[in-house]
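Since the structure comes first, as structure tokens, the remarks are kept for the end.
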Amino acid sequence: MTDTRIAGVRGRRVWDSRGRPTVEVDVALKGGATGRAIAPAGASMGSGEAVDLRDGGKALGGFDVSRAVNAVNGEIAQALLGKDAADQASVDQIMIALDGTPNKGRLGGNAIVATSMAVLHAAAAAAGVPLWKYLAQDRKVRIPLPEIQIFGGGAHAARRVDIQDFMVMCPGATSFAQALEWTAEVYLAAGSIMKQAGKLQGVADEGGFWPAFKSNEEALDTLVEAIARAGFKPREQVAISLDVAASEFGRNGAYTLALDDRRLDTGDMIAMLGRWLDAYPIISIEDPVAEDDAAGFAAFTKAYGDRCQVIGDDFLVTNAGRVREVAKNGAATAVLVKPNQAGTITETQAALAAGKAAKFGTIVSARSGETEDVTIVHLAVGWDAGQLKVGSFSRSERMAKWNECLRIEEALGKDAVFAGGDALGYSPK
Ligand code: PGA
Ligand code: ZN
């Protein structure tokens, strides 16, 4: 191992998949190793997330990041020079203390997470191994089960339908490569169904087809049709996974389904999802009720936690303390893990570890605003998360990640173990 003390930290403005500014950070170590990472950005965010520092004002819709870039090149660089990149926990703790706020709003979650990930990359480079291997050390890892969007909705498609992600998972696949191939067939079939119906209108923020549907159920029906047309057995081979992202249209126990022109209470929401579980081959549901509805989460998990994985995203915001709390109440069975929700690699890993300790499913996830950065794929493999959510099967900020995971599976060769359906955070009866 070469000298892993930090010799330079450089931030710059680059652009994300929505054409918005974001923060890239390069870290150089004394021994010559370097690391680079880019902060992603959410659109449907939990209120407990680390906060990005944006410039505000008229230019670039207020999304510019000059203050966050200045924080990297000024205060953060100064504080990290000479520190050991191989000691990730200390590096992250220095940034947390320097920021001094509970939500990282002063220096910016975007500035801090990009630096934290770049430091990690530099340390792995100094060790001379791929990032996933640096994280795994000698522990056994699995290639994650992918969760892939076919139709985008909610905040990622101008609220064209209420539900945010209509996705597939391939519990019947025997390798990551096969899961991608099956998903590609379903994505293709969904596109041709949309075309035949005169409903092909491009794609939403994460690359899933634009949901030109009259109801949420029409989207579900079309997805089942696509799975069948692609030649797969729904549920056993290719199943449906939903991100309801209910915080986007509900609070204080009241939910407004814009498309169906209906107002629902928590009980109605749970009943509606229950009917969908009866009617469709759904094996995973994320944020079934709003982030402020802990009782609703508990009621949903009690009613249906043995029939589908119940994922907390906005509800758990990659926070180890919240995961432990919710595990006690049995209000979810899985945690979504997004590095920029927590703000540092150390806190992200703690949330994932808390999920594993609770026997939760753990899903490392991208954001709707992404880039060519593939760090999360290495986290998913190196930390043995078991599941990976990246968006759809189009647009290169998504494909870069699926393709990176293919390369890792190939590099593992005969030692590659595909997590498959066993990784889901529930036991089907
Ligand atoms: P976001 O959406 O990145 O816009 O927050 C992703 C999700 O809700 O899982
Ligand atoms: Zn979500």
Next item on the list: Starting from the residue with the highest accessible area, list MET45, MET167, MET399 in decreasing order, probe 1.4 Å.
Entry: MET45, MET399, MET167
Check: With the contact rule set at Cα under 8 Å and sequence spacing of 6 or more, what percent relative contact order holds for the chain?
Finding: 19
Note to self: If I model a spin label as a point 7 Å beyond the Cα along the Cα-Cβ vector, how far apart are those points for ARG251 and ASN70 in nm?
What the structure shows: 3.1
Check: To the nearest 10 square angstrom, what accessible area does ASP55 show with a 1.4 Å probe?
Finding: 50
Check: Mind listing the phi-derived Karplus ³J(HN,Hα) values for the range 153-170, rounded to whole Hz, using 6.51, -1.76 and 1.60 with θ = phi - 60°, and x for any glycine or proline?
Finding: x, x, 5, 8, 8, 6, 6, 4, 10, 6, 5, 7, 10, 9, 10, 10, 10, 10
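What per residue convex hull volume, in Å³, comes out for the range 1-112 when only alpha-carbon positions are used?
Details: hull volume 11.8 nm³, N = 112.
About 105 Å³ per residue, rounded to a whole number.
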Next item on the list: Mind telling me which of ALA123, ALA28, ALA258 comes out most flexible in a GNM of the chain, alpha-carbon contacts under 10 Å?
Entry: ALA258
Check: Between their Cα atoms, which of LYS30/LYS359; LYS104/LYS214; LYS199/LYS233; LYS233/LYS414 are more than 30 Å away from each other?
Finding: LYS30/LYS359; LYS104/LYS214
Notebook entry, point to check: ALA254's amide H: which non-local residues (gap 5+, or another chain) put their own amide H closer than 5 Å, with H modeled 1.01 Å from N in plane and none for Pro or chain starts?
Noted result: none
Checklist line | Under 5 Å, built H, 5+ apart or other chain: amide partners of ILE282 | finding: ILE240
Item checked: Net charge, ALA39 excluded, C-beta distance under 15 Å - Lys, Arg +1, Asp, Glu -1 -> -3
Check: At q = 0.16, 0.28, 0.30 Å⁻¹, what log₁₀ I(q)/I(0) does a Debye calculation on the Cα points of the range 20-76 give, no solvent, two decimals?
Finding: -0.61, -1.23, -1.28
Checklist line | ASN329 paired with GLN137, simple spin-label distance in nm, labels 7 Å along Cα-to-beta-carbon | finding: 3.5
Notebook entry, point to check: Quick one: length gained pulling ALA400 to ASP260 fully straight, 0.36 nm per residue minus the C-alpha distance?
Noted result: 46.8 nm
Next item on the list: Please find, in a Gaussian network model of the chain (springs between Cα atoms separated by less than 10 Å), the residue of GLU410, GLU372, GLU248 whose mean-square fluctuation is greatest.
Entry: GLU410
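At a Förster distance of 22 Å, what's the computed FRET efficiency of GLU372 paired with VAL129, Cβ-Cβ distance as r, to 0.05?
Working: r = 21 Å, r/R0 = 0.97.
My answer for the efficiency is 0.55.
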Check: Under a 1.4 angstrom probe, counting protein chains only, how are SER284, SER47, SER192 ranked by accessible area, largest first?
Finding: SER47, SER192, SER284
Margin query: Pairs of alpha-carbon atoms within less than 8 angstrom and 6+ residues apart define the contacts here; what relative contact order does the range 6-128 have, in percent?
Written below: 36
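Suppose R0 equals 41 Å; then what is the FRET efficiency for THR101 and GLN201 from their Cβ-Cβ distance, rounded to the nearest 0.05? Each step should come with its number before you reach the end.
On the way: r = 42 Å, r/R0 = 1.02.
The formula returns an efficiency of 0.50 here.
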Notebook entry, point to check: Got a sec? Which residues in the range 72-101 would a label at ALA353 touch, if it sits 7 Å along Cα→Cβ and we count backbone N under 20 Å?
Noted result: 84-97
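Which whole-number value in Å² is the accessible area per residue of the chain, probe 1.4 Å? It would help to have the intermediate numbers written out before the result.
Working: 15860 Å² over 429 residues.
About 37 Å² of surface per residue is accessible.
Quick one: if the Förster radius is 56 Å, what FRET efficiency do GLU225 and LEU81 give, using the C-beta to C-beta distance and rounding to 0.05?
0.45
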Checklist line | Carbon and sulfur %, accessible surface of the range 145-423 computed with the full protein complex present, 1.4 Å | finding: 50
Checklist line | Burial ranking of peptide ranges 107-113, 301-307 (average Cβ count within 10 Å, highest at the top) | finding: 107-113, 301-307
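Per 0.36 nm of contour for each residue apart, how much would the distance between ARG13 and GLU236 grow if the chain were fully extended, relative to their Cα-Cα spacing?
Details: separation 223, 0.36 × 223 = 80.28 nm, distance 4.49 nm.
Result: 75.8 nm gained on full extension.
Output needed for the range 215-336: three equivalent-ellipsoid semi-axes, defined as square roots of 5 times the C-alpha gyration tensor eigenvalues, in descending order, whole Å.
Values: eigenvalues 120, 65, 26 Å².
Equivalent ellipsoid of the range 215-336: 25, 18, 12 Å, largest first.
The values are calculated or read from the model by the stated rules, or taken from the named source; none is laboratory data. The shown structure was predicted, so the numbers you read here are calculated from the model rather than taken from an experiment. Quick reminder, even Gly has a Cβ in these numbers, built from the backbone with ideal geometry, and neighbours come from all protein chains shown. For the accessible areas, the whole protein counts, side chains as well, though only heavy atoms, and no ligand, DNA or RNA atoms are used. Shrake-Rupley method; radii C 1.70, N 1.55, O 1.52, S 1.80 Å.
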